[in-house]
Amino acid sequence: MNLSVNLPGLSMKNPIMPASGCFGFGREYSSFFDLSTLGAVIMKSATKNERLGNPTPRVAETSSGMLNAIGLQNPGVEKIIESEIPFLADYDTCIIANIAGSSVEEYEYVAESFNQTDHVDALELNISCPNVKEGGIQFGTDPYMAAFVTETVKKVTNLPVYVKLSPNVTDIVAIAKAVESAGADGLSMINTLTGMQMHLPSQKPLIANKTGGLSGPAIKPIAIRMIYEVKQQVSIPIIGMGGIANAEDVLEFLLAGANAVAIGTANFNNPFICPEIINGLPNVLNKYGFHSINEAVGKGIFHEPADLSSS
Amino acid sequence: MINKVNMAILKKKFIAKDTIEFVLKNEFISHHASPGQFLHILIDGLTLRRPVSIADIDKSSNEVTIAFKIVGTGTKKLASYEPGQSIDVLGPLGNGFDISNTHPKKVLLIGGGIGIPPLYHLGKRLSENNVKIISILGYQTKESVFYEREFQELGDTYVVTDDGTHGYQGLVTDVLTKVSSFDTFYTCGPTPMLKAIKERLSNSDGYVSLEERMGCGIGACLACVIPTSDGEGYKKICQDGPVFHAKEVNLS
């Protein structure tokens, strides 16, 4: 079966890509499988300067999921361009660079920096990291700010820009529409939900940062619901993510309106999860009567008939 | 080289209070793992794997021994597994004790609680190479003591308990004065213990093995990190470690 998907900037052999922050820059996972099997790789967030991240503990197990507060640890955009991208460029897969910042100027700087390389196919704008004070969340929770940072980045890059939305908002549709109007080429959704866990022996929050981002199967229904709602209000494509652990989950995301999907937490559980899902996808699509990825996109959305009683 | 393998549980034994030993069977792990490396174990129903260090390996029978203490949900569930079942393991992971390039004649092993198992594996390998072993083992109380006889077979062994119910009373650092000279020390245990040892033995060559909550276990997620002594950044415990030269990391 043909699993290929074409999205702005991304001509992918399949809709599966590891999510940002869950795959580093691919090096570690390349010892487990050929990265060329992936539709794309979304790199770990890049900031202007090196960031050392948060103190430990940075992760905790939760019911059907985990909390993390890594704190955007990364070597800085220059080093990523110099040392990490050439490694990934040797594989036959699309490269998406994820950008984080604490100011609009930083997003602008990092986005512009990626113009130095020809190997990046698209940018993902992280306006939703809940784990650092200035990790972009302030841009991700306000439609005006989200639109402003999107517009600014679009001005300095020729690459398609996918904006990664935060679920920690009252109205995610409003943010989605705002960034679409500001020129976003696509959306990534969802980032983690802010959570906290108490550690009984020490009687304080387990994560050193106190709060962390909740991910894993626990958040899948939230991601599906948000994609379902947003899909009906925007016309740009959606890369869906949030707790995907198998090929059936992928089909759920496609039915809700995702055009492609990213796999996050499941990589920690099983480093082979991405190729396993890619191999399993044709059977699952077949089983439910689909002959391509595109055929399934949004098929689960039912528009309510207009309410005639009020007219 | 890292692989995802199934390891059959051959034996299960309570070796001390809340402390369990599994003997597992797998050819790949038994032939590739070195002292100080660990296994990342998938536990049914949990999202994150749990890192458990290797206590012993018998290459001839492909047997790998692990020992762990029940401290939370993951280890409690792992403790419920029985011989006949098998566990999904990612391993061997990390960089263990560097014994191929160093040739000490006499070493000091200092273990605290559940940090003791990897030192047993190390001690056995060094002992096979005719290295003289001295061990200091620290436990909370008499009921927590395990592997005492095993270490005694390797060489002089000093046991201390916090409450004095077995061996000397006090901390592992309290018996350091009883130990004559040694070339290198190797230690694993709670971070405050490692820190105290590092300070006391600052003039000696030594290695510390660290523990931290982990995510991927292979160096990609950056969950388990330790600041370096030079203040320049972090090392990844799962990939660069868990064993570090004592002077390399900052155990604040």
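Scanning for something polar (S, T, N, Q) and within 25 Å of B:ASP18 (Cα to Cα), does region B:181-196 turn up at least one residue? For region B:181-196, residues polar (S, T, N, Q) and within 25 Å of B:ASP18 (Cα to Cα): present.
Filter region A:118-157 down to the residues that are over 19 Å from A:ASP171 (Cα atoms) and at pLDDT below 95, then identify the one that is surrounded by the fewest Cβ atoms within 10 Å (Cβ to Cβ). The qualifying residue surrounded by the fewest Cβ atoms within 10 Å (Cβ to Cβ) is A:LYS133. Of everything in region B:200-221 that's at the interface with another protein chain (Cβ under 7 Å from one of its Cβ atoms) and within 30 Å of B:ASP174 (Cβ to Cβ), which residue is least open to solvent (accessible area, probe 1.4 Å)? The extreme case among them is B:GLU212.
In this structure, does B:ILE41 turn out to be farther than 17 Å from A:ASN269 by Cβ and part of a strand (DSSP E or B)? It is false that B:ILE41 is farther than 17 Å from A:ASN269 by Cβ and part of a strand (DSSP E or B). Of A:GLY53, A:GLY71, all but one fail to be outside any strand (DSSP E or B), under 18 Å from B:ALA223 (Cβ atoms), of a type outside the set (Lys, Arg) and open to solvent by less than 10 Å² (accessible area, probe 1.4 Å); the exception is A:GLY71.
Of all residues in region A:253-272, those satisfying the criterion of being among the aliphatic types (A, V, I, L, M), away from chain B (no Cβ under 13 Å) and under 14 Å from the mean Cα position of the chain (by Cα) are A:ALA258, A:ALA260, A:VAL261, A:ALA262. Tell me, yes or no, whether region A:100-116 has at least one residue that is buried (at least 19 other Cβ atoms within 10 Å of the Cβ) and under 25 Å from A:ALA218 (Cβ atoms). Yes, the conditions are met somewhere in region A:100-116.
Confirm whether B:THR75 is crowded, with 17+ Cβ neighbours inside 10 Å, within 20 Å of the chain's Cα centre (by Cα) and within 14 Å of chain A (Cβ to nearest Cβ). The answer is yes for B:THR75. The number of residues in region B:35-64 that are small (Gly, Ala, Ser), at pLDDT 95 or above and either surrounded by fewer than 24 Cβ atoms within 10 Å (Cβ to Cβ) or out of contact with any Ser or Thr (no Cβ under 9 Å at 6 or more places or on another chain) (or both) comes to 2. Quick one: in region A:240-265, of everything that is without any contact (Cβ under 8 Å) to a residue 40 or more places away in the chain and outside any loop (DSSP other than H, G, I, E, B), which residue is most open to solvent (accessible area, probe 1.4 Å)? Applying the filter and picking the extreme gives A:GLU248. Selection over region B:1-31 of residues that are touching a strand residue (DSSP E or B) at 6+ places or on another chain (Cβ under 6 Å) and outside any strand (DSSP E or B) gives a count of 5. Within region A:45-68, the residues that satisfy the criterion of being more than 8 Å from chain B (Cβ to nearest Cβ) and closer than 25 Å to A:SER83 by Cα are A:SER45, A:ALA46, A:THR47, A:LYS48, A:ASN49, A:ARG51, A:ASN54. Scanning region B:177-197 for residues being more than 18 Å from B:LYS106 (Cβ to Cβ), open to solvent by 50 Å² or more (accessible area, probe 1.4 Å) and in contact (Cβ under 8 Å) with a residue 24 or more places away in the chain gives a total of 3. Restricted to region B:222-232, and to residues there that are open to solvent by less than 10 Å² (accessible area, probe 1.4 Å) and assigned to a loop (DSSP other than H, G, I, E, B), the residue that is nearest to the other protein chains (Cβ to nearest Cβ) is B:ALA223. Filtering region A:148-203 to residues that are under 24 Å from A:GLY216 (Cβ atoms) and part of a helix (DSSP H, G or I) leaves A:ILE172, A:ILE175, A:ALA176.
Being out of contact with any Lys or Arg (no Cβ under 9 Å at 6 or more places or on another chain), touching a residue at least 12 places away in the same chain (Cβ under 8 Å), part of a loop (DSSP other than H, G, I, E, B) and within 14 Å of chain B (Cβ to nearest Cβ) is not true of A:ASN14. Within region A:279-288, is there a residue that is buried (at least 19 other Cβ atoms within 10 Å of the Cβ) and within 23 Å of B:ALA220 (Cα to Cα)? No, region A:279-288 contains no residue that is buried (at least 19 other Cβ atoms within 10 Å of the Cβ) and within 23 Å of B:ALA220 (Cα to Cα). Examine region B:149-167 for a residue that is open to solvent by less than 40 Å² (accessible area, probe 1.4 Å), touching a residue at least 24 places away in the same chain (Cβ under 8 Å) and among the small types (Gly, Ala, Ser), and state whether such a residue exists. The answer is yes, given that some residue of region B:149-167 is open to solvent by less than 40 Å² (accessible area, probe 1.4 Å), touching a residue at least 24 places away in the same chain (Cβ under 8 Å) and among the small types (Gly, Ala, Ser).
The values are calculated or read from the model by the stated rules, or taken from the named source; none is laboratory data. Being a predicted model, the structure only gives us computed values, none of them experimental. Glycine also receives a Cβ, built like all others from the backbone with ideal geometry; neighbour counts cover every protein chain displayed. We work out accessible area using only protein heavy atoms, side chains counted, and drop any ligands, DNA or RNA first. Shrake-Rupley method; radii C 1.70, N 1.55, O 1.52, S 1.80 Å.
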